[in-house]
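Taking it in order: structure first as structure tokens, then the write-up.
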Amino acid sequence: MLNLDTEMETLDELSGYDLRIIQPRHGYRFSVDPLLLADFAGVRQGERCADLGTGCGVIALLLARMAEGASVTAVEFQQVMAGIAHRNVRLNGLAERVDVVEEDIVSLKAHFPVDSFDLVVSNPPYRRPGTGKVSPRRGRDEARHETSATLSDFLAAAKYLVKPSGRICLIYHTCRLAELMAQAAVQKLAPLRLRMVHGNTRMDARMFMIELAKGRTGELKVEPPLFVRGEEGGYSEEKLKIYKLQRKDAEPQSRKD
């Protein structure tokens, strides 16, 4: 039974994946980034996955839907968001394959042995403390700004958790691409794939997706850019494909129940 506080929460649908997602009405709300990252990561059947900073759990739920044999551990340190993620897991009938852990990523070594996961994904906060605008909406700043964990901490946690044969996939803001590359080199994580995300063909890239690996080397492959919108202003064919929708509004649809 769905128990929704309609004054404080919304229920949104990702119909292409048969998912219903509870989100804070006035706090941090996901956009296209989780779907792009889940598609880029390419989860495989039977893989054990970790999502660092899961928020409402959307990436973890997407990975579970994309590979029916995969299991996902979703890590979130905000108590309110971890609670919503728990509810979303139960709401979508995925409690047997998606586990929510309320913990800061800097403390994960106490919870998991090294090399525990085949795939680690994350959409880390991309603003440093004291930069950018401060949101009046509770929860948004924690999701957008580094608080207890930095980019280096996210990479260190991902390196600890992933197997040498596994993959680390992140989506991040382009203003910190050079820093991420430098941090990856310090932590001996090899960049294998890079893809830039543009609003349209006339806009600079605002985000990038990257695959890193530990214990492996290889040449960096820069993939073709991903455009969210097409030449005529509507959603691009690739975005519609990722959303598993036809040419129509591809944004999550809010429900009132």
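Please go through segment 211-233 and give me each residue that is part of a strand (DSSP E or B), touching a helix residue (DSSP H, G or I) at 6+ places or on another chain (Cβ under 9 Å) and over 17 Å from Gln187 (Cα atoms), ordered by number. Walk me through how you get there before you give the answer.
Initial filter on segment 211-233 (part of a strand (DSSP E or B)): 211-214, 221-222, 226-227, 229.
Applying the additional criterion that residues be touching a helix residue (DSSP H, G or I) at 6+ places or on another chain (Cβ under 9 Å) yields 211-212, 214, 226-227, 229.
Hits for segment 211-233 are Leu226, Phe227, Arg229.
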Quick one: what pairs do we get from segment 2-13, first residue under 14 Å from Val80 (Cα atoms), second open to solvent by 30 Å² or more (accessible area, probe 1.4 Å) and not in a strand (DSSP E or B), C-beta under 6 Å, 6+ apart or different chains?
-> Met8/Arg25; Glu9/Arg25
Within segment 104-111, is there a residue that is in contact with an Asp or Glu (Cβ under 6 Å, 6 or more places away or on another chain), open to solvent by 20 Å² or more (accessible area, probe 1.4 Å) and touching a residue at least 12 places away in the same chain (Cβ under 8 Å)?
-> yes
Taking segment 17-47 on its own, how many of its residues are basic (Lys, Arg) and out of contact with any Lys or Arg (no Cβ under 9 Å at 6 or more places or on another chain)?
-> 2
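The values are calculated or read from the model by the stated rules, or taken from the named source; none is laboratory data. What you see is a predicted model, and the numbers here were worked out from it, not measured in a lab. Quick reminder, even Gly has a Cβ in these numbers, built from the backbone with ideal geometry, and neighbours come from all protein chains shown. Surface accessibility is based on the protein's heavy atoms, side chains included, excluding ligands, DNA and RNA. Shrake-Rupley method; radii C 1.70, N 1.55, O 1.52, S 1.80 Å.
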